[in-house]
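Reading through the structure tokens given below for one structure.
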Ligand SMILES: Cc1ncc(COP(=O)(O)O)c(C=O)c1O
């Protein structure tokens, strides 16, 4: 049955059926499978179009990479130019790879050296291995509600059900018990809890992984004293502090969110928006740590990857950085983000709907609840049915917000003032029906 009467989807359905014959579940990543099947044939700027000809204003942004807008001409031209150069040789280095590392070092406050990978999960995996390799310790600390990619070590306690809070909540069958045992999950924004976890495992913690802003649960801002406290604890106990800036890196500034916090991690991981939709990821950090990767002579932490520093991703990242360097994209996307957040809050307040319009910079997430949000546990009060209902109704009006609860929305440089005002008008219409 078509739950969106105004949006035909017979072609998407047919393709989903065909896909299901040869691709498990018909999609190539678990979070791409939605109740209503979608198949796409066009994207440009702030808009995407499905194979049934429905055009949507896109706030999903492919889970975050699209910062400049879909099919950005400058990025695509740089990629096209790269296709005329060396494709891949597989030894040595290209000047483009050097330029990318130089740009990361120039812009990201904690970056003294950088290595390039293809995906965020590879980057966080390598940061785990490096932290363990240099400290000789096994255990990791992560926070309830954060996501750091698909590998065994950190795939735990993300969107946990209430009864799983405070317990080990691995994300997948097949994860090694050893990996689960060695990952300690702590309440976010709770420094005492971190201190207690370190005290319970003296000399055993290799790294603390922090999603600079936990955006996998919308937008929960870290308290400044919490982040500063993490830095102090890591220094005191010889723990490697890793900021996972896979979402925040370049989306919130060329220096990542660490530049706003004024706190330097030891290692930083970035992906998604750094190449505006092309595969590229980075691990950057302190020189003494980075020199322990086996790319350096004597480095004892093995690192490899046929596609590391691939010319397409590298060219896309360099073009993305070039487009961001004058700051105008941030001025625009932050301004539109602010207008969206305050506009949504004003509408909800006026209509008497319990809603917190959360977000930062270009990111906005309406939570359907009262009170404040300091950590994932607070989001258990979110009204999931209303949240998903709101998003689904927005989609029906041609505004694409991922129809899953507490997920973030993204504004790109291609969104206009008029797009945002239209979104607010539609939101008002939808919210009125939800009173
Ligand atoms: C904070 C964070 N870290 C790591 C990852 C993994 O990145 P990728 O999907 O590119 O492997 C993600 C993906 O959503 C993420 O949000």
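The values are calculated or read from the model by the stated rules, or taken from the named source; none is laboratory data. This is a predicted model, so every value here is computed, not measured. Cβ: placed from backbone, ideal geometry, glycine included. Neighbour counts: every protein chain shown.
Points worth noting:
- Of all residues in region 274-286 being away from the ligand (no atom under 13 Å from the Cβ) and outside any strand (DSSP E or B), the one that is surrounded by the fewest Cβ atoms within 10 Å (Cβ to Cβ): 286
- Looking across region 29-65, the residues that are surrounded by 14 or more Cβ atoms within 10 Å (Cβ to Cβ), over 20 Å from the mean Cα position of the chain (by Cα) and not in a strand (DSSP E or B) come down to 36, 37, 38, 39, 51, 52, 54.
- Selection status of residue 228, in the same structural domain as residue 272 (by TED's automatic domain parsing), away from the ligand (no atom under 16 Å from the Cβ), within 28 Å of residue 288 (Cα to Cα) and surrounded by fewer than 18 Cβ atoms within 10 Å (Cβ to Cβ): yes
- Matching residues in region 99-125 - criterion: being surrounded by fewer than 24 Cβ atoms within 10 Å (Cβ to Cβ) and either closer than 25 Å to residue 236 by Cα or outside the structural domain of residue 262 (by TED's automatic domain parsing) (or both): 109, 110, 112, 113, 125
- Residue list for region 90-108, filter: on the phi > 0 side of the Ramachandran plot and in contact (Cβ under 8 Å) with a residue 60 or more places away in the chain: 90
- Residue in region 113-127 that is outside any strand (DSSP E or B), out of contact with any helix residue (DSSP H, G or I) (no Cβ under 6 Å at 6 or more places or on another chain) and away from the ligand (no atom under 16 Å from the Cβ) present: no
- Evaluation of residue 39 against (1) in the same structural domain as residue 399 (by TED's automatic domain parsing); (2) closer than 30 Å to residue 253 by Cα; (3) away from the ligand (no atom under 16 Å from the Cβ) (one fails), failing number: (2)
- Residue-level analysis places residue 216 among those that are part of a helix (DSSP H, G or I), touching a residue at least 60 places away in the same chain (Cβ under 8 Å) and within 27 Å of residue 383 (Cβ to Cβ).
- Among the residues of region 143-176, those that are within 16 Å of the ligand (Cβ to nearest atom) and not in a loop (DSSP other than H, G, I, E, B) comprise 143, 156.
- Taken over region 180-192, the criterion of being more than 16 Å from the ligand (Cβ to nearest atom) and either within 25 Å of the chain's Cα centre (by Cα) or at pLDDT below 95 (or both) is satisfied by 180, 182, 184, 186, 187, 189, 190, 191.
- Selected residue (criterion: nearest to the ligand (Cβ to nearest atom)) from residues of region 128-142 that are outside any helix (DSSP H, G or I) and closer than 22 Å to residue 282 by Cβ: 142
- Meets criteria (over 23 Å from residue 405 (Cβ atoms), free of Cβ contacts under 8 Å to residues at least 40 places away in the same chain and surrounded by fewer than 20 Cβ atoms within 10 Å (Cβ to Cβ)) for residue 87: no
- Reported count of residues in region 251-273, each being in a helix (DSSP H, G or I) and more than 16 Å from the ligand (Cβ to nearest atom), is 2.
- Positions within region 359-384 being in a helix (DSSP H, G or I) and within 18 Å of the chain's Cα centre (by Cα), in sequence order: 376
- Any hit, region 413-432, residues being touching a helix residue (DSSP H, G or I) at 6+ places or on another chain (Cβ under 9 Å), surrounded by 16 or more Cβ atoms within 10 Å (Cβ to Cβ) and not in a helix (DSSP H, G or I): yes
- Residues that are farther than 18 Å from residue 99 by Cα and more than 16 Å from the ligand (Cβ to nearest atom), drawn from region 304-317: 304, 306
- Qualifying positions in region 391-412 - more than 28 Å from residue 374 (Cβ to Cβ) and part of a loop (DSSP other than H, G, I, E, B): 397, 398, 412
- Test: residue 242 is more than 30 Å from residue 368 (Cα to Cα) and crowded, with 23+ Cβ neighbours inside 10 Å: yes
- Any hit, region 192-207, residues being in contact with a helix residue (DSSP H, G or I) (Cβ under 6 Å, 6 or more places away or on another chain) and under 26 Å from residue 408 (Cα atoms): no
- Boolean, residue 225 is more than 24 Å from residue 273 (Cβ to Cβ), touching a strand residue (DSSP E or B) at 6+ places or on another chain (Cβ under 9 Å) and not in a loop (DSSP other than H, G, I, E, B): no
- Taking (1) crowded, with 22+ Cβ neighbours inside 10 Å; (2) under 19 Å from the mean Cα position of the chain (by Cα) in turn, residue 207 satisfies each apart from (2).
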